[in-house]
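Worksheet: the structure to be examined is printed underneath.
The values are calculated or read from the model by the stated rules, or taken from the named source; none is laboratory data. None of the values given here were measured: they were computed from a predicted structure. We place every Cβ from the backbone using ideal geometry, glycine too, and count neighbours over all the protein chains shown. Only protein heavy atoms, including side chains, enter the accessible area calculation; ligands, DNA and RNA are left aside. Shrake-Rupley method; radii C 1.70, N 1.55, O 1.52, S 1.80 Å.
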Amino acid sequence: MSPAQSSPAEAAETYDVVVVGAGFAGMYMLHRLRGLGFSARVYEQGGGVGGTWYWNRYPGARCDVESMQYSYSFSEELQQEWDWSERYAPQAEILKYANHVADRFDLRRDIQFDTRVERAVFDERGKRWSVTISDGRTVQAQFVVLATGCLSNARKPDINGLENFKGPVYHTGNWPHEPVDFSGQRVGLIGTGSSGIQSAPIIAEQAKHLTVFQRTANFSIPARNAALSAGDRDAFRKNYPEVRRFAREVARNGIFAEQPDRGALDDSDDTRRGKYEKRWEHGGLTFMYAYNNLGLDRTANDTAADFVRGKITEIVKDPATAKLLQPNSHPIGTKRICIDTDYFVTFNRPNVSLVDIKTTPIEEVTAHTVRVAGKDHEVDALVLATGFDAMTGSVAKIDIRGREGWTLNQKWAEGPKTYLGLMSAGFPNLFIITGPGSPSVLSNMIVSIEQHVDWIADCLTNMRKRGLATIEAGGDAEEKWVAHVNEVAQGTLYPQANSWYMGANIPSKPRIFMPYIGGVGTYRRICDEVAAKGYEGFVMEADAAAPGRDGVGQGCMTPA
Ligand code: NAP
């Protein structure tokens, strides 16, 4: 498990761990591994660190988790010294932070940029992964960690004639690095999820005309973004131990905020409206914390949904446009709630129009138009804010072969199966960070990333101490976990929406609620208990080259 065990020639190509991706997960994983004395190599397809924040450079891109919380907690100096400028950090500042972290912890020397991992094949005899990268080389590693991100595989929609369009076509999730100037242009925006809702107001300010093509109207809450003062930052910094503890252990979604103690129907109409008003004025994701049953009870949920629909009617002057912008296809919060700056008011601008493509889908994109219901909407540029093949898309792009040549794509053909979202049976020594079956996208991603990385780091340290060569999800444990993830989801309103959480945005994808909705605190306790019980439910095998050590992992099933 140490590079010293290899000859110098081999050492260049043999690592304890290959990490795929240098976003927030891959960077922290590398930092932990190096600190523990493991040799590690990170391969990153982009030209720099930052993952999501490297690719999503579209106008208006910013995080909808507050900056003081959407940041690493592993280094006290880092969290005390880094100055966030706004309540919600813009993309460029988050990318600057990622670069600062890479420099500060000297990460770049172990990251190879502009390199895709194409293939990973497990050699059952050698108990190693052979990892083929896009420069054609194959390296060996005992472990592979997929830090590939959950929203990293941008999806171009299957729209008739899109390839015939003569103007530029941009995808929000793969935005050019050079500035894009829409001045004087007629821009068509397809997609009204978080990315579309963030970019529309900025594009509208610049463009001659913006036409928004909306398939599903979405719930959006004002961000109320503002500059952070030194006092704001200090208040957080002094309180960081409690803020971070609460986010990890108490808050369901990893965000420190006041938690609701009652249901929406426990209050009178006036009291309830007052609470929603207060939260609407405060802005941000915590709107959904007004009551503790908004994700569980449809009648309770309707009170919040009606409130937001009412706000849209108040803001948008044209009644027909307001009606079209009111979401009514899903309970509020069951598709990722959006956080905006001036989204609805943008539709009061004379240079913005809204086209319904739900009742009458886009017929065709021609050289210069988008045709809907026989009408040609002329556009000079197209912006696709059409989302991602979420959670599994980036993993599926790698040809991963585990025991007996079985591929991960074959195994996951009917939906991803994992134990704790961390590993999949049949694929030893292959970890996934924030994978399907873990809280992941339902949480503050950095809280979940740090938890997974720390758990994996502890696991590898434990294995090294015990001379173990492999760890693998046990089949029974995996089946039970998948059933539990489903059961918890079915007890909520989430499966009622055609969301990317369900894989519903990809026509060929199985409909399964992918993340674990039990809450980050509960999930962390489960993971910690599993580890404390000798990695219960995992199968661990001894390193044949290290006789006399522990052998098969205690409390674990032995492989058949
Ligand atoms: P998204 O939520 O999946 O939204 C995609 C949009 O494109 C939807 O309105 C969808 O309509 C539409 N669409 C997809 N295919 C289409 C087609 N063929 N024809 C017409 N319309 C089509 O994607 P996203 O906005 O990029 O956001 C994805 C996730 O990334 C978010 O939910 C959030 O978790 C994260 N994100 C976060 C931030 C932030 O922190 N502020 C910002 C951006 C993204 P349907 O709804 O009808 O499918």
Notebook entry, point to check: Considering only DSSP states other than H, G, I, E and B, which GluC sites (Glu not before Pro) in the stretch 369-432 qualify as loop sites with at most 12 other Cβ atoms within 10 Å?
Noted result: Glu414
Item checked: Packing-based order for 320-332, 145-157, using average beta carbon neighbours within 10 Å, highest first -> 145-157, 320-332
Notebook entry, point to check: With every protein chain left in place, what is the accessible area per residue of the chain in square angstrom, probe 1.4 Å?
Noted result: 40
Next item on the list: State, to one decimal in nm, how far the label point of Ala504 lies from the label point of Glu487, with both points 7 Å from Cα in the Cβ direction.
Entry: 2.5
Checklist line | Rg [Å, one decimal], Dmax [Å, integer] - the chain, C-alpha atoms | finding: 24.1, 78
Note to self: With the crude spin-label approximation of a point 7 Å out along Cα→Cβ, what separation in nm comes out for Ala226 versus Ser134?
What the structure shows: 4.3
Next item on the list: Let me see the pair-distance distribution of the stretch 425-472: every alpha carbon pair, 5 Å bin width, integer percents in order.
Entry: 5, 21, 24, 22, 16, 10, 3, 0
Check: Once you charge only the Cβ atoms, +1 for Lys and Arg and -1 for Asp and Glu, what is the size of the charge dipole of the stretch 269-335 about its Cα centre, to the nearest 20 debye?
Finding: 140
Check: How high is the relative contact order of the chain, in percent, counting Cα pairs under 8 Å that sit 6 or more residues apart?
Finding: 18
Notebook entry, point to check: Lys358 versus His177, label points 7 Å from Cα toward the beta carbon: distance in nm?
Noted result: 4.0
Next item on the list: Any of Lys156/Lys208; Lys323/Lys375; Lys335/Lys358; Lys96/Lys238; Lys335/Lys533; Lys417/Lys533 with alpha carbons more than 28 Å apart? Name them for me.
Entry: Lys335/Lys533
Margin query: Let me make sure I get this right: for the stretch 296-435, a, b and c are the square roots of the gyration tensor eigenvalues over alpha carbons, sorted descending. Under 1.5 in a/c it's rounded, otherwise prolate if a/b > b/c, else oblate. Which is it?
Written below: oblate
Checklist line | Ranking by accessible area, most exposed first, for Thr359, Thr271, Thr418 with a 1.4 Å probe | finding: Thr359, Thr271, Thr418
Checklist line | Gyration tensor (alpha-carbon) shape descriptor, the stretch 199-273, a/c threshold 1.5 | finding: oblate
Item checked: Hypothetical label at Glu76: residues of the stretch 238-257 whose amide nitrogen lies under 13 Å (7 Å Cα-Cβ projection) -> 238-242
Item checked: Accessible surface ranking that places the most exposed of Arg87, Arg62 first, with a 1.4 angstrom probe -> Arg62, Arg87
Next item on the list: Provide the solvent-accessible area of Glu281, counting protein heavy atoms only and rolling a 1.4 Å probe, rounded to the nearest 10 Å².
Entry: 110
Next item on the list: Note down the magnitude of the dipole of the stretch 367-429 about its Cα centre, charges +1 on Lys and Arg C-beta and -1 on Asp and Glu C-beta and zero elsewhere, to the nearest 20 debye.
Entry: 320
Note to self: Under a Cβ-only charge scheme (Lys and Arg +1, Asp and Glu -1), can you give me the dipole magnitude of the chain about the Cα centre, in debye to the nearest 20?
What the structure shows: 320
Notebook entry, point to check: Given a Förster distance of 41 angstrom, what is the FRET efficiency for Thr366 paired with Glu479, based on the Cβ-Cβ distance and rounded to 0.05?
Noted result: 0.25
Check: Which listed residue (Gly387, Pro439, Ser85) has the Cα farthest towards the positive end of the charge dipole for the chain, taking +1 on Lys and Arg C-beta and -1 on Asp and Glu C-beta about the Cα centre?
Finding: Gly387
Next item on the list: Pop the C-beta distance of Glu536 and Leu36 into the FRET formula with R0 = 30 Å and round what comes out to the nearest 0.05.
Entry: 0.85
Item checked: Phe219 - accessible surface, heavy atoms, 1.4 Å probe, Å² rounded to 10 -> 0
Next item on the list: Express in Å², to the nearest 10, the accessible area of Asp106 obtained by rolling a 1.4 Å probe over the protein heavy atoms while all chains stay in place.
Entry: 70
